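Below: the structure, in structure tokens.
The values are calculated or read from the model by the stated rules, or taken from the named source; none is laboratory data. The shown structure was predicted, so the numbers you read here are calculated from the model rather than taken from an experiment. No Cβ is skipped: glycine too gets one built from the backbone with ideal geometry, and neighbour counts run over all protein chains shown.
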Amino acid sequence: MFKKIRVQDAVGETLSHDITEIRPGEFKGAAFRKGHTVCDEDICHLQKLGKNHLYLINLEKDEIHENQAAAILAKGLAGPGITWKDDPKEGKICLYAKTDGLLVVDKANLAAFNMVDEVMCASLHSYTLVKKGQQVAATRAIPLVMNRTPVERAASIAQQNGGTVFVHPLKNSKIGIVITGNEVFNGLIDDKFAPILNKKIVELGSTVSGIAFAPDDESLIQQAIEKHIDNGCDLILLSGGMSVDPDDVTRKGIQKAGASEMHYGAAALPGAMFMVAYIGGIPILGVPACGLHHKVTVLDLILPRVLIGEHIGKKELAFLGHGGLCMDCPECVHPHCPFGKGM
Amino acid sequence: MESFEALLEESAKTHGHLCPGQVVGVRMAMLGCRLIDLDNPKSREQIKKLLVYVEMDRCTADAVAYVTGVKLGRRSLKFMDYGIMAATFVNLDTDKSFRIISTEESRDLSDIYAPEVAQKSQRQLLAYKRMPDSVLFRVQKVNVNISKYDLPGPTKQKITCSQCGQVIRDGREIEKNAQTLCKPCSGNCYFSHAMEISWPGMNWSPVDEKNGNSQPGLKKGIALNNPL
């Protein structure tokens, strides 16, 4: 229950919520925190903040304060890899990455959570690479006082599947590369692919255990893959030969090597001719030639997901479509752009 | 209780088709029974413990009735014409009563729970299977004031309409101008202009079937016309 009092009558009373001060371009934060006892000197400051009245709150049975609500919500939302403090500011609790890794948001959970009245959570896009300590989401109860039941229901929805927001650390994988193509194998041109792939792999915290070169021969490509597997690679990247020309036999080589599952074609540009296959549980990624030209391709969207152990199938490649068109900007600002974020 | 999929399959057969409302109804009934501690509502031991009030006459109502086994004729199924996708499950033994409301947001959320399905009804159907109960439903603990005249069992009272002589069962009579009336005579009625008629073949009985005579109108392949 609320009681409204004039601010000049509030001396000695305890503030029931944080009072925000905004000085444009300079400061936004709590000028007064919940629990502060109003004194004479505060009156003028409060009036400057536009506060001529204050609420005194007497919580009824089944009612909770926004700060309590925010803590219940944060606990429901936070999955593994997320940390948060039960110290709401202005009714809001921020969720942070506990480790470096890939942010994964259960979007169905998040949408269902936000459909509950008077609660909210906003997050970064799912599959954003984040650093330890980085804010990834924030939640709050919107009114100052809420009934406990909808808050608990929202938290329960958020906790379905173990949480709504997760940060998964990227595995330190041992990755084998196979560069295919007669033109490179026979020395007609220098390979430019391996350094590009190597850089991307190292930036994600994995290591390249070996680079093999193979001509456009499905048996030799098969052998190169098998050699990487024998050497203990837990992920293999193949470049080139993913297109539709007669010489493009990389897919056949992957098949001959015993792929049990093959998904050719991704709803992303650049990267339509991308391939994901699995040999005995080891992911095999076929990178089309666009990876040579474009700074960011479908590989940059999928590789981090593979490195957190996500199984990539037809659905995952198909769902890239919305937002999967690179704008090909003169100066690439990825990941600060919409590419790959519409899933 | 049988598995969700088994209940859904049989419920859809009974209802006539599989639709999103069937999924909601089966799940609503499963949750309702769970909340009032009935694990096999159709069993002899439990069937008399259960009352269900459905607030809609849609596909969902049939699924609720199928899963719980409640029936209008047993007086275990009550239709409250509210136009709300909700049902209340009452355990007559314990007085535990819960009202389960199908959430409106679940319709909007089907796009995100089953984005791979293009056709709207099929998308809803799959999404409603995937959503947790907490998304699909809201639940209220309620008190249901049940009149003795609404309980299952023998007729508790019979009164005769002082205007038309019709027998009125279980307290449905209306007191009006110091008269005890049936609802039609009271004017509070769903039909009007009632007029008694005679009709072709009005002396038919099932005994005639044994003698090779099916219903008169059907035998001749003509509709039973209103003689008036």
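Looking at segment A:78-110, which of its residues are within 14 Å of chain B (Cβ to nearest Cβ) and buried (at least 20 other Cβ atoms within 10 Å of the Cβ)?
A:Val105, A:Asp106, A:Ala108, A:Asn109, A:Leu110
Given the conditions (1) closer than 16 Å to B:Thr94 by Cβ; (2) out of contact with any helix residue (DSSP H, G or I) (no Cβ under 8 Å at 6 or more places or on another chain); (3) part of a helix (DSSP H, G or I), and given that B:Ala6 satisfies all but one, which numbered condition is not satisfied?
Condition not satisfied by B:Ala6: (1).
Given the criteria assigned to a loop (DSSP other than H, G, I, E, B), within 14 Å of chain B (Cβ to nearest Cβ) and not hydroxyl-bearing (Ser, Thr, Tyr), does A:Ala267 qualify?
Numbers: assigned to a loop (DSSP other than H, G, I, E, B): yes; within 14 Å of chain B (Cβ to nearest Cβ): yes; not hydroxyl-bearing (Ser, Thr, Tyr): yes.
Answer is yes for this residue.
Could you list, in sequence order, all residues of segment B:133-176 that are within 14 Å of chain A (Cβ to nearest Cβ) and in contact with a Leu (Cβ under 6 Å, 6 or more places away or on another chain)?
The answer is B:Asp133, and nothing else.
The rows are residues; the columns are (1) in the same structural domain as A:Lys199 (by TED's automatic domain parsing); (2) without any contact (Cβ under 8 Å) to a residue 24 or more places away in the chain; (3) in contact with a Phe, Trp or Tyr (Cβ under 6 Å, 6 or more places away or on another chain); (4) of a type outside the set (Lys, Arg).
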position: A:Glu261; (1), (2), (3), (4): yes, no, yes, yes
position: A:Met273; (1), (2), (3), (4): yes, no, no, yes
position: A:Val287; (1), (2), (3), (4): yes, no, no, yes
position: A:Gly291; (1), (2), (3), (4): yes, no, no, yes
position: A:Ile308; (1), (2), (3), (4): yes, no, no, yes
position: A:Gly313; (1), (2), (3), (4): yes, no, no, yes
position: A:Cys326; (1), (2), (3), (4): no, no, yes, yes
position: A:Cys329; (1), (2), (3), (4): no, yes, no, yes
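Would you be able to tell me the number of residues in segment A:282-330 that are in a helix (DSSP H, G or I), within 14 Å of chain B (Cβ to nearest Cβ) and surrounded by 21 or more Cβ atoms within 10 Å (Cβ to Cβ)?
Going residue by residue through segment A:282-330, those that are in a helix (DSSP H, G or I) are A:290-293, A:298-307, A:314-318.
With the extra rule that they be within 14 Å of chain B (Cβ to nearest Cβ), the set shrinks to A:314-318.
Add one more test, that the residue is surrounded by 21 or more Cβ atoms within 10 Å (Cβ to Cβ), and what stays is A:317.
Looking only at that region, the number is 1.
Which of the strands (runs of 3 or more DSSP E) contained wholly in segment B:128-196 include at least 2 residues that are touching a residue at least 60 places away in the same chain (Cβ under 8 Å)?
Values: elements: B:137-141, B:158-160, B:167-169, B:174-176, B:179-181.
Because the criterion is at least 2 residues that are touching a residue at least 60 places away in the same chain (Cβ under 8 Å), the strands (runs of 3 or more DSSP E) in segment B:128-196 that meet it are B:137-141.
Filtering segment A:111-127 down to residues that are in a helix (DSSP H, G or I) and surrounded by fewer than 21 Cβ atoms within 10 Å (Cβ to Cβ), which residue is farthest from the other protein chains (Cβ to nearest Cβ)?
Our first condition is that a residue be in a helix (DSSP H, G or I); within segment A:111-127, this holds for A:111-114.
Pick out the ones that are also surrounded by fewer than 21 Cβ atoms within 10 Å (Cβ to Cβ) and you get A:111, A:114.
Values: A:Ala111: 5, A:Asn114: 9 Å.
Filtering first and then ranking leaves A:Asn114.
Residues of segment B:34-69 being surrounded by fewer than 24 Cβ atoms within 10 Å (Cβ to Cβ) and in a helix (DSSP H, G or I), which ones?
Listed by number, the residues that qualify are B:Arg34, B:Leu35, B:Ile47, B:Lys48, B:Lys49, B:Cys59, B:Ala61, B:Asp62, B:Ala65, B:Tyr66.
Could you check, for segment B:76-86, whether at least one of its residues is of a type in the set (Gly, Ala, Ser), more than 13 Å from chain A (Cβ to nearest Cβ) and part of a loop (DSSP other than H, G, I, E, B)? Spell out the reasoning first.
From segment B:76-86, those of a type in the set (Gly, Ala, Ser) are B:76, B:83, B:86; that's our starting set.
Subset that is more than 13 Å from chain A (Cβ to nearest Cβ): B:76, B:83, B:86.
Going one step further and asking which of them are part of a loop (DSSP other than H, G, I, E, B), we end up with B:76, B:83.
Checking segment B:76-86: at least one residue is of a type in the set (Gly, Ala, Ser), more than 13 Å from chain A (Cβ to nearest Cβ) and part of a loop (DSSP other than H, G, I, E, B).
Here are some conditions: (1) β-branched (Val, Ile, Thr); (2) touching a strand residue (DSSP E or B) at 6+ places or on another chain (Cβ under 7 Å); (3) part of a helix (DSSP H, G or I). A:Thr149 meets all but one. Which one does it not meet?
(2)
Tell me the residue from B:Ala65, B:Ala118 that is out of contact with any Pro (no Cβ under 8 Å at 6 or more places or on another chain), in the same structural domain as B:Ile36 (by TED's automatic domain parsing), touching a residue at least 12 places away in the same chain (Cβ under 8 Å) and over 20 Å from A:Ile157 (Cα atoms), please.
Among B:Ala65, B:Ala118, only B:Ala65 is out of contact with any Pro (no Cβ under 8 Å at 6 or more places or on another chain), in the same structural domain as B:Ile36 (by TED's automatic domain parsing), touching a residue at least 12 places away in the same chain (Cβ under 8 Å) and over 20 Å from A:Ile157 (Cα atoms).
Out of A:Leu220, A:Leu188, report the one residue that is outside the structural domain of A:Leu102 (by TED's automatic domain parsing), buried (at least 17 other Cβ atoms within 10 Å of the Cβ) and either in contact (Cβ under 8 Å) with a residue 12 or more places away in the chain or assigned to a loop (DSSP other than H, G, I, E, B) (or both). Before you say what the answer is, go through the steps one by one.
Values: A:Leu188 fails: buried (at least 17 other Cβ atoms within 10 Å of the Cβ).
Answer to the check: A:Leu220.
Which condition from (1) buried (at least 20 other Cβ atoms within 10 Å of the Cβ); (2) out of contact with any strand residue (DSSP E or B) (no Cβ under 9 Å at 6 or more places or on another chain); (3) β-branched (Val, Ile, Thr) is the one that A:Thr180 breaks?
Just one mismatch for A:Thr180, condition (2).
How many residues are surrounded by fewer than 15 Cβ atoms within 10 Å (Cβ to Cβ), in a loop (DSSP other than H, G, I, E, B) and within 14 Å of another protein chain (Cβ to nearest Cβ) if we restrict to segment B:87-126?
Of the residues in that region, 3 qualify.
With A:Pro169, A:Pro195, A:Pro143 as the choices, which residue is away from every other protein chain (no Cβ under 14 Å) and free of Cβ contacts under 8 Å to residues at least 24 places away in the same chain? Reasoning before the result, please.
On the way: A:Pro169 fails: free of Cβ contacts under 8 Å to residues at least 24 places away in the same chain; A:Pro143 fails: free of Cβ contacts under 8 Å to residues at least 24 places away in the same chain.
None of the others qualify; the one that does is A:Pro195.
Mind checking whether some residue in segment A:34-41 is within 21 Å of A:Asp87 (Cα to Cα) and basic (Lys, Arg)?
Within segment A:34-41, one or more residues are within 21 Å of A:Asp87 (Cα to Cα) and basic (Lys, Arg).
If A:Leu197 satisfies all but one of (1) modelled with pLDDT of 95 or more; (2) within 29 Å of A:Thr83 (Cα to Cα), what's the number of the condition it fails?
Against the list (1) modelled with pLDDT of 95 or more; (2) within 29 Å of A:Thr83 (Cα to Cα), A:Leu197 comes up short only on (2).
Looking at (1) small (Gly, Ala, Ser); (2) within 14 Å of chain B (Cβ to nearest Cβ); (3) free of Cβ contacts under 8 Å to residues at least 40 places away in the same chain, which is the only condition A:Gly133 fails?
Condition not satisfied by A:Gly133: (2).
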